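For reference, the structure discussed in these notes is given below.
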Amino acid sequence: MQTQVQCSSVDPHEHAVRYAEMLAEITPPGMTRSYFGLSGTEAVENAVKLACQYTGRSEVIAVRGAHRGLSGLAVNLTSCPGWRPGRILMPGIRHAVQPNCHRCAFKPKYPSCGVACAWDIEEIIRRTTSGQIAAFIGEPLAGVSGLIRPPVEYFKIVQDITHKYGALFIADEVPTMFGRTGRYWNGSAHWAGVPDIMAIGKSIAGGTPLSGVVTTPEIANGMKVQLISTFQQNPVSLAGAIAVLEVLKEEARPSYVEAIGNEIRAGFERLTAKYPVVGNILGKGCMQGIELVKDRDTKQPFGADERGLRGNQGSRPADRRGRGQERVPLHAAARTPEGACDQGHRDPGRCHRRRAGVIGVVELSQA
Ligand SMILES: Cc1ncc(COP(=O)(O)O)c(C=O)c1O
């Protein structure tokens, strides 16, 4: 044996340091501290633990329709029917309404609503918590509940409210980091604020397990308990992550994804003009889809059982209203070998291109 490698973070090894440096180059200014894990679930857990440690508080505001993973804390932060734990219930978590302008819980139309879904979070804090919350956790684009894109002002308002109450703003960027939504490396950059903590994951390391929490040195230093786990700095995963980021920088920078996303959107707009069954275009960049409805005025979803289309397994049980939603790009891609990319089996750098290419061919040619 020539070299012995420490997988846990007891001693940082070369790949972990190199990858942390690379992440610091593409994350928002000041977010220079990274901590690794093996799944998005773990990243979310660690992000929330960090916020609780830093603030000395324990209450958290999450969002309805969110999927945050499968651990005890993550399922409690989750708000999708079918994913909730049932028996392992944790106190101290409130779920705000989903910012979904197409199917608004408050009914009025954007923008005359004044982004009521964001302002309601102050009411939730004041009326249903001790007022001493540790964090708000939200995702730039809600994946599992159907690629829901919040109104552009939403996160800035929520972040201001969160800070007003002395809490941290956590962006769950597990599916949206690395340019997936186009234009920026992190999805939360589409709105003005910079998150305090970001959770990242998915195919970050080309299919080998890896996730991360990214934050500022000040917040990172708030972690006063041990967060050591056996494989968290897996050198194979980290080598994969370094390679993936190099490929992304060369072949699929966020500007490239944005251009592809615009093509996808234009194709979906043509489909909308042609087929009344297309009720709404969802998502952004290379995370787009269409929602199928029986009637555009009533927005009655196209029933999952009658549609004869294969639904996304994640979104099906998540939300009945979402049964008509098809994440068409993912399905289109899933029918090809390249589709495996979405499951994180392949290099997401090439995945961006291949998925985009497949969407371009399958969808745009139908239009
Ligand atoms: C927004 C979001 N957060 C967290 C997770 C959990 O990630 P993982 O399945 O890697 O534990 C997911 C998984 O789909 C997700 O979409």
Which shape class applies to region 14-251: rounded if a/c is under 1.5, otherwise prolate when a/b exceeds b/c and oblate if not, where a ≥ b ≥ c are the square roots of the Cα gyration tensor eigenvalues?
prolate
Full-stretch length increase - residue 71, residue 84 - with 0.36 nm per residue and alpha-carbon distance subtracted:
3.6 nm
Efficiency of FRET between residue 126 and residue 3 - r from beta-carbon atoms, R0 56 angstrom, step 0.05
0.50
Once region 32-138 is represented by equal point scatterers at the alpha-carbon sites, with solvent omitted, what log10 I(q)/I(0) does the Debye formula produce at q = 0.14, 0.16 Å⁻¹?
-0.61, -0.78
Output the peptides 137-144, 168-175 sorted from most to least packed, where packing is the average of other Cβ atoms within 10 Å over each peptide's residues.
168-175, 137-144
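Order of 260-267, 91-98 by packing, highest average Cβ count within 10 Å first? Before the final figure, lay out the partial values.
Values: 260-267: 18.8, 91-98: 16.8.
Peptide ranking by packing, descending: 260-267, 91-98.
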Under a crude label model (7 Å from the Cα following the beta-carbon direction), how far is residue 246 from residue 17 in nanometres?
1.8 nm
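Rounded if a/c is under 1.5, else prolate if a/b is larger than b/c, else oblate: which is region 149-278, with a ≥ b ≥ c the root eigenvalues of its Cα gyration tensor? Display every interim value, and only then the final one.
Working: a/c = 2.54, a/b = 1.30, b/c = 1.95.
Verdict is oblate for region 149-278.
Can you compute the charge dipole magnitude of region 1-122 about its Cα centre, using +1 on each Lys and Arg Cβ and -1 on each Asp and Glu Cβ, nothing else charged? Give it in debye, rounded to the nearest 20.
On the way: 12 positive and 9 negative charges, 149 e Å.
Taking the Cα centre of region 1-122 as origin, the dipole is about 720 debye.
Give me 165, 35 ranked fewest to most by other Cβ atoms within 10 Å of their Cβ, as a rough exposure proxy.
Values: 165 20, 35 23.
With the fewest neighbours first, 165, 35 line up as 165, 35.
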Among the lysines, which fall within straight-line cross-link reach of residue 224, defined as a Cα-Cα distance under 28 Å, with same-chain neighbours fewer than 8 residues apart omitted?
49, 164, 202
Go through region 156-173 residue by residue and turn each phi into a ³J(HN,Hα) via Karplus (6.51, -1.76, 1.60, θ = phi - 60°); whole Hz please, and just put x for glycine and proline.
5, 4, 5, 5, 4, 5, 4, 5, 4, 9, x, 10, 9, 9, 9, 9, 7, 9
Rounded to whole Hz and in sequence order, give me ³J(HN,Hα) for region 39-47 from the Karplus expression 6.51 cos²θ - 1.76 cosθ + 1.60, θ = phi - 60°, writing x for Gly and Pro.
8, x, 3, 5, 5, 4, 3, 5, 4
I need to check one value: relative contact order of region 119-212, counting alpha carbon pairs closer than 8 Å and at least 6 residues apart, in percent.
26 percent
Step through the residues of region 229-240 one at a time and calculate ³J(HN,Hα) from phi using the Karplus curve (6.51 cos²θ - 1.76 cosθ + 1.60, θ = phi - 60°), rounding each to whole Hz and writing x for Gly and Pro.
9, 4, 10, 5, 10, 3, x, 5, 4, 5, 5, x
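Determine the relative contact order of region 12-163: mean sequence separation of Cα pairs under 8 Å and six or more apart, normalised by residue count, in whole percent. Walk me through the intermediate numbers first.
Numbers: 192 pairs, mean separation 34.9, N = 152.
Computed over region 12-163, the figure is 23 percent.
Computed from the coordinates by the stated procedures, all read-outs in this text should not be read as laboratory data. Quick caveat, the model's predicted, so the values are computed rather than measured. Backbone-built Cβ (ideal geometry, glycine too); neighbour counts: all protein chains shown.
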